[in-house]
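Below you'll find the structure, written out as structure tokens, and then a few comments.
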Amino acid sequence: MRILGIDPGYAIVGWGIVDFENNRFRTVDFGSIRTKAGTDTVDRLEKIYDGINLIIDKYKPEHLAIEELFFNTNQTTGIVVAEARGIILLAAKQHGLRIGEYTPLQVKQAVVGYGRAEKGQVIQMVTTMLGLPKPPKPDDTADALAIAMCHGHCAFSRIGGYFNK
């Protein structure tokens, strides 16, 4: 199965494509969609939407795995990230992708084996497990690959196999 992992953001959307077959991962590609500060919100959201559509059209994933949001102290930032996440989910739905949503705790547990792992531990495990020559940059991209890997491990553990939330 081909999985598009997404670490949603407003300034940076990390993405990573992995193939998961016979309990093994193969990295297809990864990167980020960046929007410039000071640009109108709607223009930034359009750039994210267009970027996600290009990635889906190019790589033809069957699944989208995306991180669930949690709000820290800055709710204003959380709102625009939620808007970006919404258009990413819309693009995935329009392309017929199966969607899995995961908390940061679930991603860390699936990749590192410990839900309270540090970011550096997650990046190191992603780099090692995918056989990458160096850690993916920016960190949002490494997170997106971890989210895709989490989905690979979790997709069949739900009753009935694949799922949409």
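The values are calculated or read from the model by the stated rules, or taken from the named source; none is laboratory data. Treat the numbers as computed from the prediction; the structure is a model and nothing was measured. Heads up, the Cβs are rebuilt from the backbone with ideal geometry, glycines too, and the neighbour counts pull from every protein chain shown.
Descriptive notes on the structure:
- From Ala84, Ala91, residue being free of Cβ contacts under 8 Å to residues at least 60 places away in the same chain and among the hydrophobic types (A, V, I, L, M, F, W, C): Ala91
- Of all residues assigned to the stretch 125-136, at least one qualifies as being more than 30 Å from Gly38 (Cα to Cα), polar (S, T, N, Q) and at pLDDT 95 or above.
- Per the listing Leu45, Leu54, Leu4, the residue uniquely out of contact with any strand residue (DSSP E or B) (no Cβ under 7 Å at 6 or more places or on another chain) and surrounded by 14 or more Cβ atoms within 10 Å (Cβ to Cβ) is Leu45.
- The stretch 44-70 residues that are under 25 Å from Cys154 (Cβ atoms) and at pLDDT below 95, paired with ones that are not in a strand (DSSP E or B) and not aliphatic (A, V, I, L, M) (beta carbon under 6 Å, 6 or more apart): Glu68/Thr103
- Options Leu45, Leu97, Leu90, Leu54: the member that is more than 26 Å from Met125 (Cα to Cα) and in contact with a Pro (Cβ under 7 Å, 6 or more places away or on another chain): Leu97
- Of the helices (runs of 4 or more DSSP H) that lie entirely inside the stretch 84-156, those containing 1 or more residues that are touching a His at 6+ places or on another chain (Cβ under 8 Å) span 104-111, 139-154.
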